[in-house]
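A short reminder: the numbers here are calculations on the coordinates, not readings from a lab. Only a predicted model underlies this, so the values are computations on that prediction, with no experimental measurement involved. So basically every Cβ, Gly included, is an ideal-geometry build from the backbone, and we count neighbours across all protein chains shown.
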Amino acid sequence: MSVLISNDANLDTLLSEDEVCAIVAHVLTAEGVERDVEISLSYVDEDEMHELNRQWRDIDRTTDVLSFECDSAFDEDIPVDEVLELGDIILAPEVIARQAPGFGNDPADECRLMLVHGLLHLLGYDHIEDDEAEEMEAREDALLRELAVQRGDDPSKVEVGPITNHAHD
């Protein structure tokens, strides 16, 4: 597994590179991804995120996370010895930090949620329909609780809530 991290604007990323890699590894393992994968993670400022959201989603406002799937983690047509390019995740730490208190999170917890959310999108999850949203939110909640245990935090304090209230929707 490799995570290619880009932070050209030298933003406060809210999470260390080690924690980002640990989160990615945990989610991939928990979701049954046994292939060697590559993920690109970019941190951008609010203005760039606004432009990306307008360009790719035709939504004229900023957002907290965008994800763009490339290869499917479960594509059997790609030879097993090839690295799968799962896709790109783009995070806007300024937006994440600003919205965190409104959801009862500190900025790092909110960033963990957005990273897990983006990863699940790369793995095929979505939240367009209500039943899909419920499944995705339940999976986010379970993964974030598992990650809290790994960090030595109290998993009962993890509260995802409806992701549909966050800035990316």
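Taking the Cα centre of the chain as reference, the dipole from Cβ charges on Lys and Arg (+1) and Asp and Glu (-1) amounts to some 580 debye.
Farthest towards the positive end of the charge dipole of the range 11-61, among the residues Leu14, Gln55, Ser40, is the Cα of Gln55, using unit charges on the Cβ of Lys, Arg, Asp and Glu. Starting from the Cα of Asp45, move 7 Å in the Cα-to-Cβ direction to define the label point; list residues of the range 92-119 whose amide nitrogen is under 13 Å from there. Counting backbone N atoms under 13 Å from the label point, the list is 93-95. Subtracting the Cα-Cα distance of Glu129 and Ile78 from 0.36 nm times their residue separation leaves 15.4 nm of extension gain. Placing pseudo-labels 7 Å out from each Cα toward the beta carbon at Arg57 and Arg98 gives an inter-label distance of 1.5 nm.
For the range 41-168, taking Cα atoms only, Rg and Dmax work out to 15.2, 45 Å respectively.
If you take the Cα centroid of the range 120-140 and the Cα centroid of the range 47-112, the two points sit 14 Å apart.
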